[in-house]
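Every number in this text was worked out from the coordinates using simple rules, so none of it is lab data. All of these numbers come straight from a predicted model, not from anything done at the bench. When we count neighbours, we look across all protein chains shown, and the Cβ atoms used for this are built from the backbone with ideal geometry, even at glycine.
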Amino acid sequence: MSLHLQSLPAPRFSLEKTLNSGQVFHWVPCKGGFAGTIAEDVVYFEQNGETLSFVGTDESSAVSYLALDHPLDEILNSFPDDAAMKLAAEYSVGIRIIRQPSWECLATFLTSAVKQVHQIRAMSFAIRHRFGRRLQCGDLCAYSYPSPETLATVGSEQLIECKLGFRARNLLSTARMVAGREFDLEAIRKLPTEEARRALVQLPGVGEKIANCVLLFAYERLDAIPIDVWIARVLSEAYFKGRGKIPMPEMKIFAANYFGAYAGYAQQYLFHHWRLTYRKKG
DNA sequence: ATCCAGGATAGCG
DNA sequence: CGCTATCATGGA
């Protein structure tokens, strides 16, 4: 690294787990750390023990993006006291729910429907490389996520070439609504969570699950709990054992009541643990 | 080859 | 409300 690295303390933090836990999809392993972008800055992070080093951004942005200021004790103490949660929390030590720029978070999760995590990464890289800005700093290079204005002008065939399939149409329509100021992503920030959710699901391709991802990963609503196929699996196998298929409304009610003020954190730890350890028939 | 993936949506009874 | 087909693509 030719550029000067700054350092800051990062106790009980795991850079690798945080960037690889399925909440953000564009960080690349690079020289012992990770290279990527924060908005329009190309950034490099590396971790040695409890020290986090970085270049390409300032300390307050690094702390904010990686959520090093979250009240970890309070969060961990808020979790329900059961075996599945304990296992997940132990497996996921160091994961923070980071603060992502709202547009790239919304756009990326719009493409996430019925795709595996590494496919979501592949689509994200393809979109960035093709339509984003090339950002370079020293020997670091990465591509920013294209703005809604940029995506609003591209053809659907170009997004199909990025392997979006039926998701291309939704991403295009949403980009046009945001670019045309028909939908205000900044106004969402000021709304109570329930109203923000109602607004987000107005967007084409955004249902309750993706709205909750955006609320959790971009708008700091740490109680928002997206229920995807993995969380549905965790709930039915760990909390509804022995009963057949549980109707989604019942799962939502249970999740909202059982997992407390930091349900989104609990969800992320359960997701990470189950996704990386689950094996069929055992 | 068959089933599934960090879903949403319209249509049905 | 609850169930189903459909959407497009690649991985397991």
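Does a label point 7 Å from the Cα of A:VAL114, set along Cα-to-beta-carbon, have any residues of segment A:153-175 with amide nitrogen under 16 Å, and which are they?
A:163-171
Just to be sure I follow the rule: in segment A:137-266, considering lysines 8 or more places apart or on different chains, how many pairs have Cα atoms under 25 Å apart?
7
Among A:ALA266, A:ALA256, A:ALA224, determine the one that fluctuates most according to a GNM of chain A built with springs between C-alpha atoms less than 10 Å apart.
A:ALA256
Quick one: dipole size for segment A:5-164, taken about the Cα centre, charges +1 on Lys/Arg Cβ and -1 on Asp/Glu Cβ, in debye to the nearest 20.
580
Which value at 222 nm does chain A reach when only helices count, each DSSP H run of 4 or more adding -39,500 (n - 2.57), with the total divided by all residues and rounded to the nearest 500 deg cm²/dmol?
Mean residue ellipticity, 222 nm, calculated: -13000 deg cm²/dmol.
Using a simple charge model, +1 on the beta-carbon of Lys and Arg, -1 on the beta-carbon of Asp and Glu, nothing else, what dipole does segment A:145-282 show about its Cα centre, in debye to the nearest 20?
760
What is the fewest-to-most order of A:ILE95, A:ILE160 by other Cβ atoms lying within 10 Å of their Cβ?
Ranked by crowding around the Cβ, least crowded first: A:ILE160, A:ILE95.
Taking 8 Å as the Cα distance limit and 6 or more residues as the minimum spacing, I'd like the relative contact order of chain A as a percentage.
It rounds to 20 percent for chain A.
Just want the answer: with Cβ charges of +1 for Lys and Arg and -1 for Asp and Glu, which residue in A:PRO247, A:LEU19, A:ALA175 is farthest toward the dipole's positive end in chain A?
Farthest towards the positive pole: A:PRO247.
Neighbouring Cβ atoms within 10 Å as the yardstick, rank A:ILE38, A:ILE120 fewest first.
A:ILE120, A:ILE38
Based on other C-beta atoms within 10 Å, arrange A:ASP81, A:ASP41, A:ASP223 from fewest to most.
Ordered from fewest to most neighbouring Cβ atoms within 10 Å, A:ASP81, A:ASP41, A:ASP223 come out as A:ASP81, A:ASP41, A:ASP223.
Taking the Cα centre of chain A as origin, sum charge times position over the Cβ atoms of Lys and Arg (+1) and Asp and Glu (-1), and report the length of that vector in debye to the nearest 20.
My answer is approximately 1260 debye.
Pop a pseudo-label 7 angstrom from the Cα along the beta-carbon direction at both A:THR277 and A:LYS86 and give the gap in nm to one decimal.
1.2
Give me the extension gain from A:GLN158 to A:GLU59: residue separation times 0.36 nm, minus the current Cα-Cα distance, reported in nm with one decimal.
Length difference between fully extended and current span is 31.9 nm.
Taking the dipole about the Cα centre of chain A, with the C-beta of Lys and Arg at +1 and of Asp and Glu at -1, give me whichever of A:LEU151, A:LEU276, A:SER64 is farthest to the positive side.
A:LEU276
Using +1 at the C-beta of Lys and Arg and -1 at the C-beta of Asp and Glu, which of A:GLY264, A:LEU235, A:ILE225 has the Cα lying farthest in the positive direction of the dipole of segment A:220-270?
A:LEU235
Computed over the Cα atoms of chain A, what is the convex hull's projected area averaged over all directions, in nm²?
15.2
What is the percent of Cα-Cα separations in segment A:204-279 that go past 21 Å?
For segment A:204-279, the fraction of Cα-Cα distances above 21 Å is 24 percent.
Along Cα→Cβ, 7 Å out, is where each label goes; now give me the distance between the ones at A:LYS17 and A:CYS141 in nm to one decimal.
Once both label points are built, they end up 3.4 nm from each other.
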